[in-house]
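The values are calculated or read from the model by the stated rules, or taken from the named source; none is laboratory data. Predicted model, so just to flag it, every value in this text is computed and none were measured. Cβ placement follows ideal geometry from the backbone for every residue including glycine, while neighbour counts extend to all protein chains displayed.
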């Protein structure tokens, strides 16, 4: 079989690009290996210290995140090993379910504050962040305190317990501190999320590592990024009080460039298995991944070119090039994959294919490097899958590049603003959080309910088959209300008190009586399209699945004390 002559026209530009891009990648890999080999600082050294705590604000911009924000805030407050921090959570007035969820959190935690944007949304994350900053200024007047730093996080983030300690340890020397961001591990059959695992592992531990060591500007990841107060104030002065550029779809990348140009020092903390990192789920299907990457490509490539061109001098040119080359490189890589597969069936003869061994060798080296990095973070199974996921990554990024180009130029021709492309967020459920959950002992000590010696004594004397919490209440170490407040923090489930008279009759009968009796859950209200169930002990995952067979409404749980539960049970299930 003879290959079409038109195919010969594709080969020269394809080969030229692959050689240029291959040399570029080879230089990066060689520098990375050399820096790692000659570095006198351990790449996985501890990044925390016992330095006096500064006051830190956590900014979280939201749009339609009512399904995840309660658990995100509750979990992170319970695990963060740092005392001087406040959440400022931004929402829009036309997103009532999210606003209601934040108000619930605000009523429950004294360090959670709603920042209501004064206009309807969605606009852009940057616009929402700017209004959160204004709310922080107002809150400072009430607290009579000044925040020393701001950390940005999203609604799906699993904040590392020592994240704020690590930031605090570096604030004296740096004005932008980036905590590594890594996807939560999923099964190897989760191909799309696996692409995020591969690319984030490689980018965080190799590309950004070299970039930071060579003095390139450090782009913010958008989450786990801390800015000192002096940097924020300089950003405000330099851009008419626009700390985050509202016209940018990737305000995180933009701020990394702006902070560097203002002369502030930036640092990426080391990435590794045992060090501080923000974890989260990324999109797990084709639609979500291409949507998110379209926003990234639009903001980083097209808006970056429009706003900054090739500014920054020789030290930054290489990083501009590497940030933007994917616009061409992604489609070319996908084409190369297809052409390689075609060539296995129909031999292609062309003089320029003499350099094909170099391109193929670089592809093998890139795949091997990626697999080695993924192995360091996620183990051998994902390392084996990493090379196999490269064609899928090329396909996703190609679609995103094409859509970004179309979207950007369409907005320019029609003179319309680019708006926030929201992707659906998922927060780990309480069963997936088991590995990250604090112990009850940790919560009791951090919340000052009791001392470590009281806990040690209770553990030593606890009868078999009895929960530690129940035993401490029986011993008189804790009030029942205190025990449930601690359990609420541990399990990321709100604690409430319910008067049986306040349960609507229709709601009380939302589940069959045998389900209520057997699973020890009681329907207490319908809220924001969810059925809220009260329980003194949270049922296992299998029981939750069984409950969903009896209702079409999503189920949410609320803890009640044992005495309150018994009161509700007698009212709902009279003997």
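Could you check how many residues of segment 79-122 are part of a loop (DSSP other than H, G, I, E, B) and either under 20 Å from the mean Cα position of the chain (by Cα) or on the phi > 0 side of the Ramachandran plot (or both)? Within segment 79-122, residues that are part of a loop (DSSP other than H, G, I, E, B) and either under 20 Å from the mean Cα position of the chain (by Cα) or on the phi > 0 side of the Ramachandran plot (or both) number 4. Looking only at segment 227-239, decide whether some residue is part of a strand (DSSP E or B), under 27 Å from residue 86 (Cα atoms) and assigned by TED's automatic domain parsing to the domain that holds residue 173. There is at least one residue in segment 227-239 that is part of a strand (DSSP E or B), under 27 Å from residue 86 (Cα atoms) and assigned by TED's automatic domain parsing to the domain that holds residue 173. State whether the residues of segment 439-448 include one that is outside any helix (DSSP H, G or I), surrounded by 17 or more Cβ atoms within 10 Å (Cβ to Cβ) and not assigned by TED's automatic domain parsing to the domain that holds residue 79. No: segment 439-448 contains no residue that is outside any helix (DSSP H, G or I), surrounded by 17 or more Cβ atoms within 10 Å (Cβ to Cβ) and not assigned by TED's automatic domain parsing to the domain that holds residue 79.
The sole residue among 329, 312, 343 that is out of contact with any helix residue (DSSP H, G or I) (no Cβ under 6 Å at 6 or more places or on another chain) and closer than 28 Å to residue 213 by Cα is 312. Against the test of being over 24 Å from residue 183 (Cβ atoms), without any contact (Cβ under 8 Å) to a residue 40 or more places away in the chain and either in contact with a helix residue (DSSP H, G or I) (Cβ under 8 Å, 6 or more places away or on another chain) or assigned to a helix (DSSP H, G or I) (or both), the options 336, 367, 371, 354 yield a single qualifying residue, 354. Residues being in the same structural domain as residue 227 (by TED's automatic domain parsing) and over 21 Å from residue 283 (Cα atoms) are entirely absent from segment 183-191.
Of all residues in segment 280-291, none are more than 30 Å from residue 369 (Cα to Cα) and not in a loop (DSSP other than H, G, I, E, B).
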